Structure formats: structure tokens, C-alpha cells
Amino acid sequence: MAKLSVRDLALSGKRVLLRVDFNVPTEERDGVTHITDDTRIRESLPTLTLLRALGAKVIIMAHFGRPKGTVNLKYTLRPVAEHLAKLIEAPVVFSPEVTGEVPAGLISKLTNGDVLLLENVRFHAGEEANDPAFAKALADLGEVYINDAFGAAHRAHASTAGIAAFVPQAAMGLLMEKELQYLQGELRCPASPFVVILGGSKVSDKIGVIKALMEKANTFLIGGAMAYTFFRALGIPTGNSRVEADKVDLATEILELAKEKGVRFLLPVDNLETQEISAKAQPRSTGLVSPAKGVTDGWEAVDIGPETIDRYRTEIAGAKTILWNGPVGIFELPPFAAGTRSIAEAVAASSAVTIIGGGDSVTAVKQFGLGDKMSFCSTGGGASLELLEGKVLPGVAALTEK
Ligand code: ADP
Ligand code: MG
């Protein structure tokens, strides 16, 4: 089911409604909103630049924060319009209203290649409710719809899904296309060995992904807090480590499933443990774990240990396809970052197809300066997980078939 792409369309002189993910982190200083990380805005530039080069009149739709369906100027997109104008070195017209005569009037004055940004679509309750009347009011502003907001594609909202029913053509943007190419296309028939590295804070977040990838992966490398729910399932002492007690049965089930399918499911053989979660902590190694010896009573496992790093590195070096989701330790604190850093370095050095999904994993990889050494870093947290689980994303399903 190939979807129409922005590259398939003739757009000169057309009013193009472009949905992007501009939900950037901000900070208030001296009563002025500052964007602290503009990655998401930059990620939308390839599609925006293409549309302008094709001579489209670009009408951008985006959401920002959680104004919960009412006008709340704390969540205005005006500062984003100003920032975007700097990035594209061209004016960005800002429409303080989302639908109706105000934006329609401003849009009627656009010439080919011009850009307009609508105010936060979430100022209207119809957005998150996917109200057809609101979706139609948005659609009335343009002629073609392009969805490039991968990070919001798992939500069936008016500007991400509903709108597609009211335009003759709904296509994916370049970012959306790239996300699908890697998270779906490359992983449909991955070159083997296919190694999946999974970490993060909760096994419950990743169960769907584990089950879906069990059909395709040759090897799982498990780290992060989720490892300790598996430790509990195997009777390995976990000390004060984070364990999801109500997921222990599921962990047992997953271990059995892996055995049944002949999938190698590797858990840490040693860990770093600490009594203090702080940047000044001095963690120590647990040594090799067994049902007789694991994380020490009163101590918490916060990273994979040196022997585990060695073994995981060897697995990574032999892989042809690598998917990594979830840091293997509390990498935000330097004393607990060695495992995540070593994994990132090993993945970066690999000649395999390397795909990083998940907000915190991508942050970690970028923090280590290794982002451009990966084949692909996804921009979507929740959306990438749902795609990996094999779910259909409403924002993709709504688009026109090619
Ligand atoms: P992603 O966003 O990449 O999907 P998650 O959101 O699942 O990743 O998990 C990221 C968080 O997991 C990080 O903030 C990290 O500190 C935390 N984490 C990793 N290992 C541990 C651990 N052993 N104990 C507690 N938290 C951990
Ligand atoms: Mg996260």
C-alpha cells in the first residue's frame, strides 16, 4: 500500500496545507519565549523547501503544547513563525486564527513560494476530537494536503487524519516518507543477523515491540531498567532496581516465546549498581549475575556492566541490521552513561543498516555526537513505537493511495 508522496504532485500555484510537528521545547526568559531545541522545525525544512521550489503557496498547520481546545496564548505559535522565518530566510505570515475569514484573507494575498503559519490547531476542541466540521474548515483553506508530522501520526486528529477526507489529494512529506522507509520498509525483510537493542525505563512500554519483532529479529540485546523485570522472572536478585512486579509473568512468557522461536534473547550478565542516584555517585560492578547473586540488597542497577558491554559489542559488530530503542542505563547522569555510550559507539561504527527509534535514545546518540553516523534517527517517540508494533498509524492510513 504505497501512499502518494509530495514528490508525485504538480504543485505550482497550488494552496498546499502542510501539517508539521513544531511541538518544540521552549523556555520563558524575561517574558519572552525562547525555543531551546529547534530540531523538529529543522526536520520539516526539506519538505518546506521543496514545496517553495515547486511554486506552492504553503499553509502550515501545527500544534504546540496542550491548550486543551481553548485559546491560550501561552501556547501561541507566533514565536515559531519568527524562528522559521530566520531559518528559511524569508517572511512567514502568521495567521492568529486557525480557520475562517482571517486566514482565508491572508492566504489570498500569498504568491507562489510564500509561507503562512496558522495559529495552534489545538486552540480548537475539534482538533483532538477529529471533528469533521473542523477538519473541513481547515481543508477549505487549501487544495492539497501534505502530512509531514510523523511524530503526531499515531493520533487521529483533524489536522493529522480527518482533513484528508476533504481534499482531493493527501500525500506524505519527505520526513514522513523517510520515517516509513526506515521503520517499515527496511524492517520488512531486514538483512540478517538482525539485532534489536532494547532498553529504557519500562518493559510495559515495549512489550508490543518485543512481540512484533520476535518474528523477525535474530538477537535481542536487553538493557535499561526493563532488564530487571526479566531478572525477577529468572529469580536473579534485583535489589532496589526498578522492577514492574505486575509484568513478571509477561517477562516469563517473552523468555519462553524467544526459546520457542529460536530467537536469542540476551540479558545483562553484569550491571553497575549504586546507592545514590546522582551525578556524584560512584557505582560499582555487580560482577557476573546468577540466581545466587545479582544486584545487592539496598543497591540499584543503573547501567549494564563491562562484561555485558563487551558481549553486546561483539553482537553489534556481527549484525547486518540494527534497531535500537531505549537507553541501556540512566545516561543522563555521567557516572551511569558508559553503557549507553559504548553501545552508541558500537552501533555508529557498524556497517549495518542502523535505525534509532525513541525520543531518549535519539537524544543520547545526539548527545554523544553520533547522530550522523547512524543510517536513521527517528523523530517520533510514540509514533515510532506504534509503527514497530505493526500498528497502522491513522495519519498515514488517511493519505491517498498512489
Ligand atoms: P526511549 O525514549 O528511547 O524509548 P524510554 O523512554 O523507554 O526510552 O526510557 C528512557 C529512560 O530510561 C531514560 O530516561 C533513562 O534514564 C531510563 N533508564 C535507563 N536505564 C535505567 C535503569 N537501569 N534504571 C532506571 N531508569 C533507567
Ligand atoms: Mg522516552
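The values are calculated or read from the model by the stated rules, or taken from the named source; none is laboratory data. Because the structure is a prediction, the values reported are computed rather than measured. With ideal geometry, Cβ positions are generated from the backbone for all residues, glycine too; neighbour counts draw on all protein chains shown. SASA here: full protein model, heavy atoms, side chains in, ligands and nucleic acids out. Shrake-Rupley method; radii C 1.70, N 1.55, O 1.52, S 1.80 Å.
Quick notes
- Across the range 6-175, C-alpha contacts under 8 Å between residues 6 or more apart give a mean separation that, scaled by the residue count, equals a relative contact order of 28 percent.
- Using the Cβ-Cβ distance between Ser204 and Asp140 with R0 set to 35 Å, the FRET efficiency from 1/(1 + (r/R0)^6) comes to roughly 0.25.
- With contacts taken as Cα pairs under 8 Å at a separation of at least 6 residues, the range 180-305 carries a relative contact order of 26 percent.
- Normalised contact order of the chain, rounded percent, pairs of Cα under 8 Å and 6 or more residues apart: 17
- Prolate/oblate/rounded call for the range 6-175, Cα gyration tensor, a/c under 1.5 rounded: rounded
- Per residue, the accessible area of the range 123-165 comes to 29 Å² when a 1.4 Å probe rolls over the protein heavy atoms.
- Å² per residue, accessible surface of the range 182-388 at 1.4 Å: 41
- Spin-label model distance (nm) - Glu332 vs Leu110, 7 Å beyond Cα toward Cβ: 3.8
- Within the chain, helix-based [θ] at 222 nm, where runs of 4 or more DSSP H residues each add -39,500 (n - 2.57), nearest 500: -8500 deg cm²/dmol
- Here the extension length gained between Glu28 and Val71 equals 13.6 nm, from 0.36 nm per residue of separation less the Cα-Cα distance.
- Centre-to-centre, using Cα atoms only, the range 118-167 and the range 74-94 are separated by 20 Å.
- Debye-sum result for the chain in log10 I(q)/I(0), which assumes one identical scatterer on each alpha carbon, at q = 0.06, 0.10, 0.12 Å⁻¹: -0.28, -0.72, -0.95
- Phi-based couplings in Hz for the range 247-260 (Karplus 6.51, -1.76, 1.60; Gly and Pro marked x): 10, 5, 5, 5, 4, 4, 4, 5, 4, 5, 4, 4, 4, 4
- Cα-projected label distance for Lys293 with Lys259, points at 7 Å along beta-carbon direction, nm: 2.5
- Ala125-Ala245 pseudo-label distance in nm [points 7 Å out on the Cα-to-Cβ vector]: 4.1
- Relative to the longest principal axis of the Cα atoms of the chain, the long axis of helix 78-88 lies at roughly 90 degrees.
- A DSSP coil position with no more than 13 other Cβ atoms inside 10 Å describes the following trypsin sites (Lys or Arg not before Pro) in the range 178-286: Lys280.
- Rg then Dmax, both in Å and based on the Cα atoms of the range 182-388: 15.7, 45.
- Altogether, the Stokes-Einstein calculation at 4 °C and 1.567 mPa s, with the Kirkwood radius of the range 80-161 over Cα pairs as Rh, returns a diffusion coefficient of 95 µm²/s.
- Its convex hull of Cα atoms gives the range 337-402 a direction-averaged projected area, equal to a quarter of the hull surface, of 5.6 nm².
- Computed over the range 107-257, Kirkwood Rh from alpha-carbon pairs, angstrom: 19.1
- For the chain, share of DSSP beta bridges that run antiparallel, in % to the nearest 5: 25
- The range 275-307-the range 176-194 distance, computed between alpha-carbon centres (Å): 35
- Charge dipole (debye, nearest 20) of the range 1-115; +1 at Cβ of Lys and Arg, -1 at Cβ of Asp and Glu: 400
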